[in-house]
Structures are given as structure tokens and as C-alpha cells.
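As C-alpha cells, the structure follows; a few thoughts come after it.
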Amino acid sequence: MLLPLQMSYKGWIYIAVALFVAGMIAGVVLPEVTAEPLEGELALLEQFAAMLGPFQITTALFIFLKNVFALLTSFVLSPLLCLVPISALVLNGGLIAYVSTTVIQDKSVGFLLAGLLPHGIFEIPAIIMGEAAALSFGFTPIVMVILLIKHKEIRTALLSTATQDRKHIFLSLALFLIAGPFHTVIILALLKEQTKTFIVPNLKQNIRYLMIACALLLPAAVIETYVTPLFLI
């Protein structure tokens, strides 16, 4: 069951692709502007490349865990106005475009395709799927706030959950301080049957697609470690 004003997962896929492509366009059209925010990421990648060599299980494991951690972090922090998944999509698109432009200038298109395509056919769809799930999940508290404003029964249900006794008052305050207002809206909504039916189906769907995205990152990491270097020799 979808919340009013809430899109299907397919709609979030389209938005994720659009954000990713926007980052790529920025990386190509405005390389000087794009380079500055990407310098830290590029420097970090160079450090990792120096420490980790190809054809090593530790390299594949590190790449996999790093990418999974990035997706999980984006998902967990997405209720903060979806800023993290939006930034991740734009920055990843910009990073790929910027690096691709540099490689084509210094090497060739063939060298770029050899270095990107083998693992990219898994990793890029995984990023799109995972960040789309994060966007969908992150938009939930925004919809809930709109519903709180528009529908008195939902507002009453959440407020009663937060204030019905001393235990829930302390819980609400603790959640607000630890998780922030948007996470608090989701957690309180899960505690009440009237609002739980809005949240649970969406949460289950997004977690399912997030897990699929994380699973795709495993073959991507293995290919990047054991196959991609063969094409670059």
C-alpha cells in the first residue's frame, strides 16, 4: 500500500537515474567546477589503490564492504530530506564522468571501457537500485509530515503514541535527540497501528531492493579485483 503522494519504486528509479546522469553531465560540461568537490574522493581512491593490489581476496572484500557501507549509510540517513542519496548519486555520476574524461584524454576510449565495463555492469545498477530505495524510504517522513498537517486522525494517532504515558514521552524525546525529527516520525508511526500500515509495506519493499543492490556489489567487487586488471595489462 502506497502512502498518498508517494511514488512507486519505479518512479524513484527514474529519479535516481536522472540524478546520476545530471552528475555525469556536470562532470563532462563543467570539469573545473566538478573537480574541486571530487578531489578528496579521488585522493582517497588513490590511497586505497596504492595499499590494495589486484588478484587479492582482501581487495575484493574491501571494495565490497566499502560499497555496501556507502549504500547502507545512504539508506539510514535518507530521512534527512533525502540529502545523502541525492548527493551520492550526483557525486558518483560526476566522479565517473570526470575520471572517464581524463582517461580518454590520457589513454583511449578502449582503455576506459576495459577498466569500467566489466564491473560497472553490476556496480552502476546496484548504485541506482540502492539509492532509489534510499530516496523512497527517505521521502516517507516527508509524506508523513504532510499527512500530519492534512489529516487530523493521523496527527492524533501519532501524538497519542508520543504522549499517552510517561514512558512514551521519554521515548519520544530520546528518539528526537538521537535520531532527529524525521527518523522520529517514522519510528513513532511504526508504533501505532493506524500509521503502521502506511510505513511497513514501503519499508519492506525498500529493504528488499536494497539487499538486491548489495548482492550485486559482490560480483562487481570480484570482477574489479580479478577480471578488470587483466584488461588493463
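The values are calculated or read from the model by the stated rules, or taken from the named source; none is laboratory data. All values derive from a computational prediction rather than experimental measurement. Glycine also receives a Cβ, built like all others from the backbone with ideal geometry; neighbour counts cover every protein chain displayed.
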> When the stretch 59-89 is examined, which residues are found to be within 22 Å of Gln47 (Cα to Cα) and of a type in the set (Gly, Ala, Ser)?
Replying inline: Ala60, Ala70, Ala88
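Give the residue that is modelled with the lowest pLDDT, with candidates limited to residues of the stretch 102-116 that are in a helix (DSSP H, G or I) and surrounded by fewer than 16 Cβ atoms within 10 Å (Cβ to Cβ). Can you show your working first?
Kept after step one, since they are in a helix (DSSP H, G or I), are these residues of the stretch 102-116: 102-106, 109-116.
Add one more test, that the residue is surrounded by fewer than 16 Cβ atoms within 10 Å (Cβ to Cβ), and what stays is 102, 104-106, 109-111, 113.
Working: Thr102: 85, Ile104: 91, Gln105: 89, Asp106: 90, Val109: 92, Gly110: 91, Phe111: 91, Leu113: 92.
By that ranking, first place goes to Thr102.
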>> Of the conditions (1) modelled with pLDDT under 95; (2) over 20 Å from Ser136 (Cα atoms); (3) part of a helix (DSSP H, G or I), Pro54 satisfies every one except a single condition; which number is it?
In response: (3)
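Of everything in the stretch 38-56, what is touching a residue at least 60 places away in the same chain (Cβ under 8 Å) and over 19 Å from the mean Cα position of the chain (by Cα)? Give them in sequence order.
Narrowing the stretch 38-56 to residues touching a residue at least 60 places away in the same chain (Cβ under 8 Å): 38, 54-56.
Of everything in the stretch 38-56, those that are touching a residue at least 60 places away in the same chain (Cβ under 8 Å) and over 19 Å from the mean Cα position of the chain (by Cα) turn out to be Pro54, Phe55, Gln56.
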> Among the residues of the stretch 24-40, is any at pLDDT below 90, touching a Pro at 6+ places or on another chain (Cβ under 7 Å) and in a helix (DSSP H, G or I)?
Replying inline: no
>> Of everything in the stretch 117-137, what is surrounded by fewer than 23 Cβ atoms within 10 Å (Cβ to Cβ) and in contact with a Ser or Thr (Cβ under 7 Å, 6 or more places away or on another chain)? Give them in sequence order.
In response: Pro118, His119
